[in-house]
Amino acid sequence: MKVYALAVVLAPPQKTCTILSSASDLSSFSFYQRGSVGEFLTFFSKTISERTPQGERQSVQENNYTAHVYNRGGAEQLAAVIITDQEYPVRPAFSLLTKMLDDFTTKIPQTSFSNPTAINFPEINTYLQKYQDPRQADAIMRVQQELDETKIVLHKTIESVLERGEKLNDLVDRSNALSAQSKMFYKTAKKQNSCCVIM
Amino acid sequence: MPVQDRTNEFRACVESIRNRSSLPSRGAEAKQRLLQSQGKDGGNKSDFTRMASAIAKDISSTTIKLGKLGQLAKRKTLFDDRPVEISELTYIIKQDIAGLNKQIASLQAYVKQRSTQGGTKSAEAKLVDEHNHNVVMLLQSKLADTSMTFKDVLEIRTQNMKESKDRTEQFMHSTAAAASQAPSSSLLFGNTQRQDPMGDGSLLAPRFDPKGKSRASTPSNGDILALDLGSAEEGTAAQNGGAFMQMELVEQQDTYIQSRSTAIESIESTIAELGQIFTQLAQMVAEQRETVQRIDADTVDIASNVSGAQRELLKYYASISSNRWLMLKVFGVLIVFFLIFILVS
């Protein structure tokens, strides 16, 4: 479950797109393949953002890469692309794209869109690293996971409580027996006193 | 969104209709003239009644439309479903309700203004004010009932849509069919639907028929009037309207949004399960409390018994050790008997 690349693209409708900021993680490829794979990913992102109408989300599969693109349009005409392998869950991918776009628009003013090389958006790298494990990064999945763990803990707790119940039953029986015995003990002791008064 | 006082328009309408059909309105005219001759500012009073009767007319027409929508929504056929009609009717009814709400708000403001304007508070004026207040409250309650019915009809509609979608899937295996998402029985959806669809606070109590003549007009008139008010904004109802519209539009966007909502629903059900587990846990521990109390009581008994027995034994020991002389005598007698027996045998 890996994320290969993330990119924020300026996507004016019907025109060519320019990549404003991108980050990629090509560590799974051999050293000599990385160049070509990187170029392929850039080309893939640009093509896909050009072909997605504004305000829509799309997922495209190509060999064993899956790209999810969200063209937000709006005033800034931005789109975000994420390229992953096929196992990566779809919904957190789109959540990540939305989050990234919001972050980008708050940090980078629209005037610097015309100068892509000057844009400094280091958070894209942190996002890439963080979302390699979507279960921890995506809020909804993390909450679900924690809830599942809590449920397991609670199941164990209930089992322990059942055991406790059994032990308590056992204790009750024993204490009943002990109480009866101590009563007999008391009676016998009392009888001894009353029987041998003459001596 | 300024409140528009359209009583002049309404009066013009009434005049034009009255001029068109002079015969049946003579009775109404007589009634109005009668009312106008009563009271201090009779003109304003019949104004109020006119506004109130207009509102009541609209409410009745909206109720009728709602009935039609309810009938449409109850249909359970797979193929003859008419989503366009239903959505149009829903939209119209929604706007009607919003418009009615505004009208009632303006009527209420008017009543307040009149009650502060009135100089000398005669008993009659007070009664009139009370009457006006009652009328406004009752109109509001009728509107509230209508909107509740509207909400119920929409719920029925979404349930039927869900059922029909299931049946469609069964017969045609097309999972990518309409993106009709029925609101599940989850608490989240239940809460958002329980809110007042207007976002307004106008939900009040009892039931009343304001004036006989408010029922005099035909529903078709009400229809025309209601459609003219279509310029009323639907802003307040947009929140729920969006959710209802969503289930009837097929968009690809829905996939993402649906999956999000499914995920959140599953989280919510997990939390509910957790709540149940906690309750069970608490119940089990409470049951065990009784057992623990029994053990407690038993232990106390044991302690007292054992201490009592120890007391007895101590007493016995004390008596034994203090009876030395008697003991010596007793033993002496025993030894004598013993010796006698040995000598005899």
Based on this model, can you work out whether B:Leu274 counts as more than 60 Å from the chain's Cα centre (by Cα) and hydrophobic (A, V, I, L, M, F, W, C)? no
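Restricting to the range A:22-47, and then to whatever is within 24 Å of the chain's Cα centre (by Cα) and under 25 Å from A:Gln110 (Cα atoms), can you tell me which residue is surrounded by the fewest Cβ atoms within 10 Å (Cβ to Cβ)? Don't jump to the end; show me each part of the working.
From the range A:22-47, those within 24 Å of the chain's Cα centre (by Cα) are A:22-28; that's our starting set.
Right, trim to under 25 Å from A:Gln110 (Cα atoms) and you get A:22-24.
Numbers: A:Ser22: 21, A:Ala23: 18, A:Ser24: 20.
Here the answer is A:Ala23.
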Selection over the range A:88-147 where residues are small (Gly, Ala, Ser) and within 14 Å of chain B (Cβ to nearest Cβ) yields a count of 3
Failed item in (1) surrounded by fewer than 13 Cβ atoms within 10 Å (Cβ to Cβ); (2) facing chain B (nearest Cβ under 7 Å), with A:Ser179 passing the rest: (1)
Name, by its number, the condition in (1) surrounded by 15 or more Cβ atoms within 10 Å (Cβ to Cβ); (2) in contact with a helix residue (DSSP H, G or I) (Cβ under 7 Å, 6 or more places away or on another chain) that does not hold for B:Ile257. (2)
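Of all the residues that make up the range A:70-87, how many are over 29 Å from A:Phe29 (Cα atoms) and away from chain B (no Cβ under 14 Å)? Step through it out loud before you land on a result.
The first filter runs over the range A:70-87 and keeps only residues over 29 Å from A:Phe29 (Cα atoms), leaving A:72-78.
With the extra rule that they be away from chain B (no Cβ under 14 Å), the set shrinks to A:74-78.
The qualifying residues number 5.
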What's the number of the only condition in (1) of a type in the set (Val, Ile, Thr); (2) closer than 23 Å to A:Gly74 by Cβ; (3) not in a loop (DSSP other than H, G, I, E, B) that A:Thr42 fails to meet? (2)
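Restricting to the range A:53-69, what's the tally of residues that are under 17 Å from A:Thr18 (Cβ atoms) and either more than 14 Å from chain B (Cβ to nearest Cβ) or buried (at least 23 other Cβ atoms within 10 Å of the Cβ) (or both)?
Start the filter on the range A:53-69 by keeping residues that are under 17 Å from A:Thr18 (Cβ atoms), which leaves A:54, A:69.
Narrowing further to those that are either more than 14 Å from chain B (Cβ to nearest Cβ) or buried (at least 23 other Cβ atoms within 10 Å of the Cβ) (or both): A:69.
Selection size over the range A:53-69: 1.
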What pairs come up if the first residue lies in the range B:1-27 and is not assigned by the TED database to the domain that holds B:Leu107 and modelled with pLDDT of 80 or more, the second is of a type in the set (Lys, Arg) and surrounded by 12 or more Cβ atoms within 10 Å (Cβ to Cβ), and their beta carbons are under 7 Å apart, counting only those six or more places apart or on different chains? B:Thr7/B:Arg50; B:Phe10/B:Arg50
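The values are calculated or read from the model by the stated rules, or taken from the named source; none is laboratory data. This one's a predicted model, so the numbers in the text were calculated from it and none came from an experiment. All Cβ positions, glycine included, derive from the backbone under ideal geometry; neighbour counts span all protein chains shown.
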